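J.: My questions will all concern the structure given below.
The values are calculated or read from the model by the stated rules, or taken from the named source; none is laboratory data. For clarity, every value in this text was computed on a predicted model and none was experimentally measured. Glycine also receives a Cβ, built like all others from the backbone with ideal geometry; neighbour counts cover every protein chain displayed. These accessible areas exclude ligands, DNA and RNA; they are computed on the full protein's heavy atoms, side chains included. Shrake-Rupley method; radii C 1.70, N 1.55, O 1.52, S 1.80 Å.
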Amino acid sequence: MVNKPTNGPALHKVIMVGSGGVGKSALTLQFMYDEFVEDYEPTKADSYRKKVVLDGEEVQIDILDTAGQEDYAAIRDNYFRSGEGFLCVFSITDDESFQATQEFREQILRVKNDENIPFLLVGNKCDLNSRRKVPLAECQSRAQAWGVPYVETSAKTRECVDKVFFDLMREIRSRKTETKQEAQKKPSKKRKLKCTII
């Protein structure tokens, strides 16, 4: 039996990372509002929140759509600290954006100091397969090396858009459950329980 939290639905914090122009905002907006935005102003960083039903349970997803630009590196570290799971997005039509995922992954691991952080590698723009620059096998082998799932999406046709967000939320949820179980095994110093000495 799962104890329902009394303070409303669980909140899962998802961070979108990847180079500029790979479609992070387009994926986020497609998931949030079911619309495809072709010309999107480069993002500084936008935060979105939505209630969704995950495997029969109402949860909230909080999506932070980060800027791909390098000049926000210090701010990005702060974003990474606050995230519980990451969608690392590149465009299958842009090899440079695929190469950049390595750096994003390393930054996240450095900031989180955790190899098993919920993380999905996402190849966007799969509707442009004829212009593919990154071979599927290469994408899959990188995901395998990292021990993370690889999914191809299209913000335009909505292919697998919901899947990546829901898969990541499942990873975050199971991670939280594990952490909670571990915390219950050992007494936690964080609990602010007032005890009365009798």
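J.: Can you pull the three principal axis extents for the Cα set of the range 50-183, in Å, largest first?
T.: If we take the Cα atoms of the range 50-183, the spans are 47, 35, 26 Å.
J.: Going highest first, how would you order 122-132, 175-185 by mean Cβ packing within 10 Å? Working shown, then result.
T.: Working: 122-132: 19.2, 175-185: 11.1.
Taking the mean over residues of other Cβ atoms within 10 Å, the ranking is 122-132, 175-185.
J.: If I model a spin label at ALA137 and ASN116 as a point 7 Å from the Cα along the Cα→Cβ vector, what separation in nanometres do I get?
T.: That separation, rounded to one decimal, is 3.2 nm.
J.: Run the Debye formula on the Cα coordinates of the range 118-177, all scatterers equal and no solvent, and tell me log10 I(q)/I(0) at q = 0.12, 0.25 1/Å.
T.: -0.32, -1.05
J.: Follow-up. Around GLU115, with a cut-off of 13 angstrom between Cβ atoms, what is the net charge of the other residues, counting Lys and Arg +1 and Asp and Glu -1?
T.: Summing Lys/Arg as +1 and Asp/Glu as -1 gives +2.
J.: Something else: Identify, among SER97, GLY8, PRO118, the residue whose Cα sits farthest towards the positive end of the charge dipole of the chain, taking +1 on the Cβ of Lys and Arg and -1 on the Cβ of Asp and Glu, with the dipole about the Cα centre.
T.: Of the options given, the answer is GLY8.
J.: Give me the percent of the accessible area of the chain that comes from carbon and sulfur atoms, probe 1.4 Å, all protein chains in place.
T.: Details: 5690 of 11640 Å².
So the carbon and sulfur contribution to the accessible surface is 49 percent.
J.: Have a look at the DSSP beta bridges in the chain and tell me what percent are antiparallel, nearest 5. The partial results should precede the final answer.
T.: Details: 11 of 31 bridges.
Beta bridges within the chain, antiparallel portion: roughly 35 percent.
J.: Calculate one ³J(HN,Hα) per residue across the range 123-134 by plugging θ = phi - 60° into the Karplus curve 6.51 cos²θ - 1.76 cosθ + 1.60, and present them in order as whole Hz with x for glycine and proline.
T.: Per residue, the Karplus-derived 3J(HN,Hα) values read x, 8, 6, 6, 6, 9, 4, 5, 9, 4, 10, 10 Hz.
J.: Accessible area per residue of the chain at 1.4 Å probe, in Å²? Don't skip to the answer; put the middle values down first.
T.: Values: 11640 Å² over 198 residues.
Result: 59 Å² of accessible area for each residue.
J.: Residues with amide H under 5 Å of ILE15's amide H, sequence separation 5 or more or different chain, H placed in the peptide plane at 1.01 Å from N; which?
T.: Amide H to amide H, under 5 Å and 5 or more residues apart or across chains, ILE15 pairs with LEU64, GLU84, GLY85, PHE86, LEU87.
J.: Would you compute, from DSSP H runs of 4+ residues alone, the mean residue ellipticity of the chain at 222 nm, taking -39500 (n - 2.57) per run and dividing by the full residue count, rounded to the nearest 500?
T.: Details: 5 runs with 74 residues, N = 198.
Estimated from H runs of four or more residues: -12000 deg cm²/dmol.
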